[in-house]
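The values are calculated or read from the model by the stated rules, or taken from the named source; none is laboratory data. Owing to the predicted nature of the structure, the values given are computational and were not obtained by experimental measurement. Every residue, glycine as well, gets a Cβ built from its backbone with ideal geometry; the counts of neighbours run over all protein chains shown. These accessible areas exclude ligands, DNA and RNA; they are computed on the full protein's heavy atoms, side chains included. Shrake-Rupley method; radii C 1.70, N 1.55, O 1.52, S 1.80 Å.
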Amino acid sequence: MSGRVYRLHSTLELPLEEVEEYLNGDPDLPPEVADVEVTRRNNTLILKAVAAEDDLSKYTPTAQLKASVTENRVYEEEPPRAGAPRWDEEEEEIPSELVEFACFKGDRETVLQNTALQYPMFLVLREIALLAEKGTLTAITEVDGELTAHRIVEGEERPATIEVVENPSKSEGGSNGVNWRDNKFISD
């Protein structure tokens, strides 16, 4: 199966531990991907495709998913808001812990890099998106000449369509730009 990823935008955030459990739990990878190498450099997580067949040159970079790793405090219950009235004199500390999150945020070149095995690695990202409780993944892909729209919101697949527009500026109400042809200052 060959395919291409034309548009991709991601705002996915999920605990790093969940990503690692998914990858270590013998995931159902696309046939072109034998394994996914996980590398962490400071606050960057890189998931690199290992080709199933040896037809790629050892110098050809395979597709990789890139995420930033951040540390967030997660509370067991909602913390009180700043400035909210306090009714009881004793303030109880709400149990919390620091959790590392993998944040797959950005457009195609930021999140999904390199072209060899790009579509199979998009399928891996799609599976990760289905695990995420926060964020969205939208993409347009092509497989065997057919375009498909993908939209996953907070771990749930949602309907998506592709709209082909002859003049995009008309549908966006694009009269905000300068009409240089009818500009009274330069068309004498």
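Annotations for the structure displayed:
- When peptides 110-121, 17-28, 155-166, 130-141 are sorted by average Cβ neighbour count within 10 Å, with the highest value leading, the order is 110-121, 130-141, 17-28, 155-166.
- Per residue solvent-accessible surface (Å²) - region 1-67, probe of 1.4 Å: 63
- Residue-wise HN-Hα couplings along region 25-42, as the Karplus relation 6.51 cos²θ - 1.76 cosθ + 1.60 with θ = phi - 60° gives them from phi, are x, 6, x, 7, 7, x, x, 6, 10, 7, 7, 10, 7, 10, 10, 10, 10, 6 Hz; Gly and Pro carry x.
- Nonlocal amide H pairs with Ala52, under 5 Å, H built at 1.01 Å: Val33, Ala34
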